[in-house]
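The values are calculated or read from the model by the stated rules, or taken from the named source; none is laboratory data. Remember, it's a predicted structure, so these values are computed and weren't measured experimentally. Using ideal geometry, Cβ is built from the backbone for each residue, glycine included, and neighbour counts are taken over all protein chains shown.
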Ligand code: ADP
């Protein structure tokens with residue numbers, strides 16, 4: 001029997017966060033690469049959908065690729081590469097744009113939120129922000145992907161990818177596997193520590209509520225200790241009414257301390273909860289920071305992993321993308 005194909009990616013739009021790690025990267029490293037034929041990608045083309053600085057994108061792509069290895073992705077077990085190194089993504093994205101309707105693109109929550117943010121800043125909205133899900137569908141479908149492990153915020157895009165795969169197959173004949181999203185049971189949506197009703201996102205301007213994977217331990221401690229908590233002082237797990245405390249409990253639970261609702265019963269003050277959460281996060285991230293520090297000393301190794309990864313990815317994607325071009329009449 002052939003193994004399930006897994007594909008997932010991370011955008012180099014900022015430094016990777018605790019949300020990226022708990023919602024996605026940790027599962028890729030600890031489980032997915034061991035149980036499936038998995039590809040993990042730094043999706044750098046997606047970083048161009050909003051205003052960007054070329055040198056910064058290049059630097060962040062490199063850092064993200066290095067962090068994928070630092071969290072434990074092993075190139076002997078899985079394929080790690082950079083999206084723009086494999087032309088099949090953009091080739092197939094055009095066919096996806098020819099399969100999707102503009103209405104379904106405009107309905108995407110992330111498009112609405114990010115377009116609004118750009119307008120508030122007085123900037124124009126790039127067309128690629130609207131068509132982003134077509135490129136993401138191409139990323140996934142090019143590899144015959146069965147499962148896409150993502151945080152909760154990406155589930156809607158994977159749903160759209162499924163619709164496009166089904167529609168393409170119905171119109172032009174069986175070409176794509178219809179993938180499904182897999183979302184982690186805990187910490188599928190880590191919230192911003194200063195604004196616990198929005199997700200911890202790496203490209204947010206205010207950084208005090210975001211724990212980055214490469215933050216120094218003291219910075220992590222400071223950010224967690226200053227997390228916004230709710231009015232009242234009893235520790236209860238209620239995501240709707242007490243989002244700040246619930247977020248801390250989710251994070252502590254995801255660090256391996258147990259179930260969030262049960263953990264709540266063990267604390268009678270916010271201070272103690274914050275202290276334990278801060279220490280748990282520091283310990284969780286310690287090995288990642290240490291491995292990252294080792295890997296940056298060996299840029300040739302990282303280069304060779306990415307070169308080899310792009311070669312493997314291309315070899316998998318090309319036949320299916322060629323078949324899709326033939327299927328539509330080209
Ligand atoms: P970001 O929103 O930080 O730019 P990406 O789009 O690069 O994230 O997503 C990389 C992966 O991390 C995706 O699977 C996404 O669902 C997951 N992810 C991002 N933010 C969070 C979060 N706050 N909580 C859980 N998972 C997240």
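Rundown of residues vs (1) within 16 Å of the ligand (Cβ to nearest atom); (2) in contact with a helix residue (DSSP H, G or I) (Cβ under 7 Å, 6 or more places away or on another chain); (3) closer than 21 Å to residue 296 by Cβ, yes/no style:
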residue: 2; (1), (2), (3): no, no, no
residue: 19; (1), (2), (3): yes, no, no
residue: 35; (1), (2), (3): no, no, no
residue: 52; (1), (2), (3): yes, no, no
residue: 60; (1), (2), (3): yes, no, yes
residue: 70; (1), (2), (3): yes, yes, yes
residue: 87; (1), (2), (3): no, no, no
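The residue of the range 178-188 that is nearest to the ligand (Cβ to nearest atom), among those that are closer than 22 Å to residue 108 by Cβ, under 16 Å from the mean Cα position of the chain (by Cα) and surrounded by 15 or more Cβ atoms within 10 Å (Cβ to Cβ), is 188. Cβ-Cβ contacts under 7 Å between residues 6 or more apart (or on different chains), taken from a first residue in the range 8-23 that is under 20 Å from residue 309 (Cβ atoms) to a second residue that is more than 6 Å from the ligand (Cβ to nearest atom) and assigned to a loop (DSSP other than H, G, I, E, B), are listed as 9/43; 10/16; 10/43; 11/43; 16/213. Taken over the range 137-156, residues that are within 13 Å of the ligand (Cβ to nearest atom) and more than 12 Å from the chain's Cα centre (by Cα) amount to 4.
Would it be correct to say that residue 175 is more than 10 Å from the ligand (Cβ to nearest atom), touching a helix residue (DSSP H, G or I) at 6+ places or on another chain (Cβ under 6 Å), modelled with pLDDT under 95 and farther than 24 Å from residue 12 by Cβ? Here the answer is no, as residue 175 does not meet what is asked. Pick from the range 4-17 the residues that are within 24 Å of residue 280 (Cβ to Cβ) and over 11 Å from the mean Cα position of the chain (by Cα): which of them is nearest to the ligand (Cβ to nearest atom)? Among them, the one singled out is 14. Where helices (runs of 4 or more DSSP H) sit wholly within the range 246-330, those with at least 1 residues that are assigned by TED's automatic domain parsing to the domain that holds residue 142 and over 21 Å from residue 67 (Cα atoms) occupy 299-327.
Residues that are surrounded by 15 or more Cβ atoms within 10 Å (Cβ to Cβ) and either free of Cβ contacts under 8 Å to residues at least 40 places away in the same chain or not assigned by TED's automatic domain parsing to the domain that holds residue 17 (or both) were ranked within the range 162-172; the one that is nearest to the ligand (Cβ to nearest atom) is 162.
Residue 154 meets the conditions (1) more than 21 Å from residue 20 (Cα to Cα); (2) assigned to a helix (DSSP H, G or I) in every case but one. The failed one is (1). Candidates are the residues of the range 189-205 that are near the ligand (Cβ under 6 Å from one of its atoms) and over 12 Å from residue 151 (Cα atoms); the one that is surrounded by the fewest Cβ atoms within 10 Å (Cβ to Cβ) is 203.
State whether the residues of the range 109-124 include one that is surrounded by 15 or more Cβ atoms within 10 Å (Cβ to Cβ), at pLDDT 95 or above and touching a helix residue (DSSP H, G or I) at 6+ places or on another chain (Cβ under 7 Å). For the range 109-124, residues surrounded by 15 or more Cβ atoms within 10 Å (Cβ to Cβ), at pLDDT 95 or above and touching a helix residue (DSSP H, G or I) at 6+ places or on another chain (Cβ under 7 Å): absent. Of everything listed in (1) touching a strand residue (DSSP E or B) at 6+ places or on another chain (Cβ under 8 Å); (2) surrounded by 17 or more Cβ atoms within 10 Å (Cβ to Cβ); (3) part of a helix (DSSP H, G or I), the single unmet condition for residue 159 is (2).
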